[in-house]
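A short write-up of the structure that comes next.
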Amino acid sequence: MDIIKKHTAVLPGFGLAVVIAAFAKFLESLLPIHLIGASVIALFLGMLINHFHRPGKQLAIGLKFTSKKILKFAIILLGASLNIGIVLEVGRLSLCVMVFTLFTCFGIGHFVGKALKINWKLSNLISAGTGICGGSAIAAIAPVIDADDIDIAYAMSATFLFDMAMIVLFPIMGRALGLSDMAYGLWSGTAVNDTSSVVAAGYAFSEAAGDFATMVKLTRTLSIIPTVITFALISAHLKRKAVAAEGGAQEVKASFNIIAIFPWFILGFLAFTAFNSLGVIPAAVSAGMKDLSKFLMVSALAAIGLNTSFKDMKKSGMAPMLHGFIISALVVIVAIAVEYFMGLV
């Protein structure tokens, strides 16, 4: 009975997200020119609804389930329409760009944080959110550095605010630069922060670009593992120094759980990609799974919008926002510059 209640509790929120997604798809079909995708429309519809009437507890469980679990499930389904050779090639290219963007985030981000007099925990949370995978990276790193709730909230807000701008601006900039689907997918997959925002920005450009961007983002997400381990060791070192300064002899160990932070849904994505590459999945089924994947992604973005408050975003203050803006802008520039030197632009 408890299992039935648990599953029933998600239905109201999930149902509302699906309705908004369907309406967003309808609005997208009415547009004479493909300037904005259903993902972006759903996201902003959700935010607009939240502004006038914040969803209550009855919807909260289902909205959280949709924005987290359904989004990951949608990405797994996407694998059924892709070829493993393309995935590996995109992964290889994205690693080259990612080395430079991560160095930009954590290297330059350190000095930006110091200049703005932001504590090292908040500064690195913002850098992690910008360089790796938005809220997921912030949530994974926060416990190992003992970040305060207010630091987490500031970092989430700073990262999310610029994600909203990137969702709208990236397709416009990509078309202005004359980027190919592959070049745009690589650019947005490495420079846009959160997975949901990458999905929105990618498919707003084209279907192929959305596929590339999602694959790049999955490769980038894996960097959360060495990053969390590194910060766990740094935090343990700083704690030992603090204890030594106080004259204590307490041993401080780095604490992190590799099983807990590993993005397991990526294995599902790769499994479906392998099955499709081997011809196990019929073409009609593959096409149907991709359509379902895209619709569920739009639903997840609707749920994220419903959980996002304009008022809460305003409360974050200026310094974290400025930090987020500087790092986000640098990553955007560095990512496209690396692509240019790789001959992809």
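The values are calculated or read from the model by the stated rules, or taken from the named source; none is laboratory data. As the structure is a prediction and not an experimental result, all values here were calculated from the model. No Cβ is skipped: glycine too gets one built from the backbone with ideal geometry, and neighbour counts run over all protein chains shown.
What the table shows:
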item: Which listed residue is farther than 18 Å from residue 336 by Cβ, buried (at least 20 other Cβ atoms within 10 Å of the Cβ), among the hydroxyl-bearing types (Ser, Thr, Tyr) and within 19 Å of the chain's Cα centre (by Cα), from 159, 130; result: 159
item: Residue in segment 92-115 that is under 30 Å from residue 20 (Cβ atoms) and either out of contact with any Cys (no Cβ under 9 Å at 6 or more places or on another chain) or touching a residue at least 24 places away in the same chain (Cβ under 8 Å) (or both) present; result: no
item: Any hit, segment 143-158, residues being assigned to a loop (DSSP other than H, G, I, E, B) and charged (D, E, K, R); result: yes
item: Verdict on residue 295 being surrounded by fewer than 20 Cβ atoms within 10 Å (Cβ to Cβ), in contact with a Lys or Arg (Cβ under 9 Å, 6 or more places away or on another chain) and in a helix (DSSP H, G or I); result: yes
item: Inter-residue pairs, beta-carbon under 6 Å, first under 8 Å from residue 84 (Cα atoms) and in segment 268-280, second modelled with pLDDT under 90 and part of a loop (DSSP other than H, G, I, E, B), 6+ apart; result: 273/82; 277/83
item: Test: residue 60 is within 23 Å of residue 218 (Cα to Cα), out of contact with any strand residue (DSSP E or B) (no Cβ under 7 Å at 6 or more places or on another chain) and either touching a residue at least 12 places away in the same chain (Cβ under 8 Å) or acidic (Asp, Glu) (or both); result: no
item: Flag if residue 243 is in contact with an Asp or Glu (Cβ under 9 Å, 6 or more places away or on another chain), modelled with pLDDT under 80 and of a type in the set (Val, Ile, Thr); result: yes
item: Residue 262 farther than 30 Å from residue 111 by Cβ, at pLDDT below 70 and surrounded by 13 or more Cβ atoms within 10 Å (Cβ to Cβ); result: yes
item: Criterion (surrounded by 24 or more Cβ atoms within 10 Å (Cβ to Cβ), part of a helix (DSSP H, G or I) and either β-branched (Val, Ile, Thr) or on the phi < 0 side of the Ramachandran plot (or both)) met by exactly one of 165, 204; result: 204
item: Test: residue 101 is buried (at least 20 other Cβ atoms within 10 Å of the Cβ), at pLDDT 80 or above, over 18 Å from residue 166 (Cβ atoms) and out of contact with any strand residue (DSSP E or B) (no Cβ under 8 Å at 6 or more places or on another chain); result: no
item: Close pairs from segment 169-183: first under 14 Å from residue 208 (Cα atoms) and modelled with pLDDT of 90 or more, partner aliphatic (A, V, I, L, M) and part of a helix (DSSP H, G or I), Cβ under 6 Å, at least 6 apart; result: 171/204; 181/208; 181/209
item: So residue 84, is it surrounded by fewer than 22 Cβ atoms within 10 Å (Cβ to Cβ), over 17 Å from residue 228 (Cα atoms) and aliphatic (A, V, I, L, M); result: yes
item: Answer from 279, 324 - the residue that is part of a helix (DSSP H, G or I) and either modelled with pLDDT of 70 or more or touching a Pro at 6+ places or on another chain (Cβ under 7 Å) (or both); result: 324
item: Segment 49-81, residues that are outside any helix (DSSP H, G or I) and surrounded by fewer than 16 Cβ atoms within 10 Å (Cβ to Cβ); result: 53, 54, 56
item: Criterion violated by residue 121 - all others in (1) in contact (Cβ under 8 Å) with a residue 40 or more places away in the chain; (2) under 25 Å from residue 309 (Cα atoms); (3) more than 19 Å from the chain's Cα centre (by Cα); (4) part of a helix (DSSP H, G or I) satisfied; result: (1)
item: Evaluation of residue 38 against (1) at pLDDT 85 or above; (2) over 26 Å from residue 222 (Cβ atoms) (one fails), failing number; result: (1)
